[in-house]
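*Asks:* What follows is a single structure, and I will ask about it in a moment.
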Amino acid sequence: MKLRKSEEPLPERAVALILFLCVSGMRTETARYSVPEEAERGSFVANIAKDLGLTGEELLARKARVVPEGEKQYLQLNQHTGDLVVREQMDREELCGQSEPCL
């Protein structure tokens, strides 16, 4: 049975292009900020929304969050304003030991 043009399967490149266009609207951003070891709880670090060119509503709609590498959550994100603040005071020796630099 011969396929008509409208029933022919899409070439792999066309499928890849369609997937790329669907996913291209989705992206992740990585941001790095310096926080002094002595920063008190509640200290302002940065406004993530402003740095990413988004509004607080967009952060909330996209379910923005801070993902810690360890067990402790040192930073807290206010999804409504985009403000990133210190949630728990950081101890350099606990985080990095004697390694230099401490990132």
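Taken together, the values in this text are just the output of simple stated rules run on the coordinates, not laboratory data. Here the structure is a predicted model, which means the values were calculated and not measured. In this analysis, Cβ positions are derived from the backbone assuming ideal geometry, glycine residues included, and neighbour counts consider all displayed protein chains.
*Asks:* Mind listing which GluC sites (Glu not before Pro) in the stretch 28-57 are in a DSSP loop and have 16 or fewer other Cβ atoms within 10 Å? It would help to have the intermediate numbers written out before the result.
*Replies:* Numbers: sites: Glu29, Glu37, Glu38, Glu40, Glu57; in loops: Glu29, Glu37, Glu38, Glu40.
Those satisfying the criteria are Glu29, Glu37, Glu38, Glu40.
*Asks:* Ok, one more. If you take all C-alpha pairs in the stretch 34-98, what percent of them are over 20 Å apart?
*Replies:* Numbers: 647 of 2080 pairs.
It works out to 31 percent of all Cα pairs.
*Asks:* Calculate, in nm to one decimal, what Glu100 and Ala39 gain on full extension: separation in residues at 0.36 nm each, minus their alpha carbon distance.
*Replies:* Details: separation 61, 0.36 × 61 = 21.96 nm, distance 1.96 nm.
My answer for the length gained is 20.0 nm.
*Asks:* Then there is this: Hey, got a sec? Which chymotrypsin sites (Phe, Trp or Tyr not before Pro) in the stretch 27-90 land in a DSSP loop and have at most 12 other Cβ atoms within 10 Å? Spell out each step's value before the answer.
*Replies:* Working: sites: Tyr33, Phe44, Tyr74; in loops: Tyr33, Tyr74.
Within the stretch 27-90, the qualifying chymotrypsin sites (Phe, Trp or Tyr not before Pro) (loop, at most 12 other Cβ atoms within 10 Å) are Tyr33.
*Asks:* Search the structure for amide H atoms under 5 Å from the amide H of Arg87, placed 1.01 Å from N in the peptide plane, and list their residues when 5 or more places away or on another chain.
*Replies:* Gly42, Leu75, Gln76
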